[in-house]
Structure formats: structure tokens, C-alpha cells
1. Would you say Ala226 is more than 21 Å from Ala69 (Cβ to Cβ), out of contact with any Pro (no Cβ under 9 Å at 6 or more places or on another chain) and either modelled with pLDDT of 85 or more or of a type in the set (A, V, I, L, M) (or both)?
2. Residues being under 15 Å from the mean Cα position of the chain (by Cα) and surrounded by fewer than 20 Cβ atoms within 10 Å (Cβ to Cβ): count how many of those fall in region 128-137.
3. Pick from Ala202, Ala214, Ala219: which is assigned to a helix (DSSP H, G or I), surrounded by 15 or more Cβ atoms within 10 Å (Cβ to Cβ) and modelled with pLDDT of 80 or more?
4. Of the residues in region 127-156, how many are out of contact with any helix residue (DSSP H, G or I) (no Cβ under 8 Å at 6 or more places or on another chain), outside any helix (DSSP H, G or I) and over 18 Å from His64 (Cβ atoms)?
5. Can you give me the number of residues within region 102-126 that are within 15 Å of Glu74 (Cβ to Cβ) and either in contact with a helix residue (DSSP H, G or I) (Cβ under 8 Å, 6 or more places away or on another chain) or surrounded by fewer than 20 Cβ atoms within 10 Å (Cβ to Cβ) (or both)?
6. Under the condition of being hydroxyl-bearing (Ser, Thr, Tyr) and over 11 Å from Arg141 (Cα atoms), which residue from region 49-64 is modelled with the lowest pLDDT?
7. Kindly evaluate Ala26 against the criterion of being modelled with pLDDT under 50 and under 12 Å from the mean Cα position of the chain (by Cα).
8. Go through region 55-69 and give me each residue that's hydroxyl-bearing (Ser, Thr, Tyr) and under 12 Å from Ala130 (Cβ atoms).
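The values are calculated or read from the model by the stated rules, or taken from the named source; none is laboratory data. All values derive from a computational prediction rather than experimental measurement. Here the Cβ is made from the backbone with ideal geometry for all residues, glycine too, and neighbour counts use every protein chain on show.
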Amino acid sequence: MGCYRDNALAGCVQCTSNMPGETGGAHRDKDSGRTPRAPETNPEKPVRVLFYGVTGSGKSSAAHAYAAASGLPEFSADDDIGWLPGWQQRTVEQQREIAAAVAARDRWVLDSAYGVWADIVVPRAELVVALDYPRWLSLFRLVRRSLRRIITRQPVCNGNVETLGRLVARDSIFYWHFNSFARKKRVFREWQSNPDMPPVMAFRWPGELDEWLAQVAAAAAATVRAADDSGHP
């Protein structure tokens with residue numbers, strides 16, 4: 001078992017298509033025929049933001065970029081909650097306790113949510129950012145990332161290191177990608193029809209996400225400039 005075994009957000013996703021500042025109408029979901037409800041979300045307003053996506057879609061990188069753009073504190077599902085050095089996973093009780101402490105904060109960005117504690121963080125989120133990328137793109141990113149981590153011995157999951165042996169193991173990251181892809185897509189569609197879940201902003205392509213992140217950064221910078229001009233901290 002590895003840090004990629006997150007069962008992220010099992011049981012939730014409500015999709016929307018319009019990004020802040022976009023003037024076009026909401027797209028109709030191809031599977032359900034419904035027009036997703038667009039969240040009333042301004043780039044600088046959400047202060048508890050959860051990222052969601054299939055294995056390899058780039059959730060952690062996207063969350064890191066959003067935290068840097070928005071100035072919100074960043075937390076990692078793998079590093080801060082799920083794992084210990086030596087590829088030892090924290091107990092469910094420990095994970096839920098840490099997740100509850102993160103969720104209770106007023107401001108946070110979280111790069112995923114394991115199934116065993118998603119019920120704690122999801123209700124607290126003000127916005128879910130969903131990376132709804134095609135399978136080939138997510139798989140390509142996953143392969144590229146995995147090879148880079150092996151070659152560079154980049155620390156992951158709270159100081160652990162990926163190896164070639166872990167990539168070919170029965171519960172490897174590739175196994176979890178294929179095993180969870182359809183389920184996470186299905187979960188994503190189920191959120192579309194659930195008005196009780198947090199609003200979800202879905203992106204089909206990385207370029208769309210980059211454009212939105214640029215809007216977030218611009219809005220944050222404008223807020224800082226306005227505060228400086230008014231003489232208030």
C-alpha cells in the first residue's frame with residue numbers, strides 16, 4: 001500500500017463548468033443530461049478549499065499552486081495526515097483526529113481526502129476543485145511523475161521514497177489508478193445531483209485550471225493593493 005491509496009472523497013461531487021469571470025452558460029452533463037448548478041464563488045472568497053481528482057491528475061500540484069496564489073495555508077493528505085516514514089500508514093483513528101484538527105481551522109487548502117476521513121473535511125469545505133481530466137492525460141502524468149520520483153529519489157508521503165519495486169507491486173500506484181478511475185468518475189457524477197454538498201468547480205483540461213489560478217492570484221493581489229491604499233493591514 002502506498003500514499004496514492006487515498007480513496008479520495010468517496011461519495012461526493014457536484015460538478016459545475018463555469019469558472020469565475022466566465023460569461024458562457026453552464027454546460028450540460030453528457031451522462032445525465034442535467035445542467036450543473038454553477039456555484040456562486042468568487043476567486044478570493046473561499047477560505048477552505050478541497051482538491052479532488054483521480055490518481056495522477058495533479059491534485060497536489062494544483063493545491064500547492066492555489067495555496068501560493070491565494071495565500072491560504074496548505075495541508076497534504078499524504079504528508080500531514082496519512083503517512084509516517086518507513087511507508088507506515090497512520091491508523092484510521094489517528095488520521096481522523098488529524099483531519100478533524102485541519103478541518104476545524106478557519107482557513108485551509110487540502111490536496112485530497114481519504115475515504116476514511118472524507119466525511120470530516122467535506123462538510124467544512126467551501127469549495128471543491130475537481131480535476132476531471134481524461135484518463136490518458138491522468139495516466140501520462142502519473143507515469144511521468146512516478147519515473148521522476150524514482151530517478152530523483154524525491155521524498156514523498158512524509159519522507160518516503162518511491163522505488164521501481166513499488167511501481168510493479170500488486171497494490172502499486174498504477175493499480176490504484178485503474179481500480180479507482182471509474183469509481184471516482186461515478187462519484188463525481190453523483191455529486192452533481194446533491195445540493196447538500198459543497199459547490200464544485202470542475203476543470204477538464206490543465207489550461208482551464210491555469211487560467212483560473214491566474215484569476216485567483218490577480219484577485220488576491222488586488223485585495224492586497226486595496227488594503228495598502230486604504231492604510232489598513
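1. The answer is no for Ala226.
2. The total comes to 0.
3. The match here is Ala219.
4. Final tally of qualifying residues: 2.
5. So the count comes out to 12.
6. Looking at residues that are hydroxyl-bearing (Ser, Thr, Tyr) and over 11 Å from Arg141 (Cα atoms), I get Tyr52.
7. no
8. Ser57
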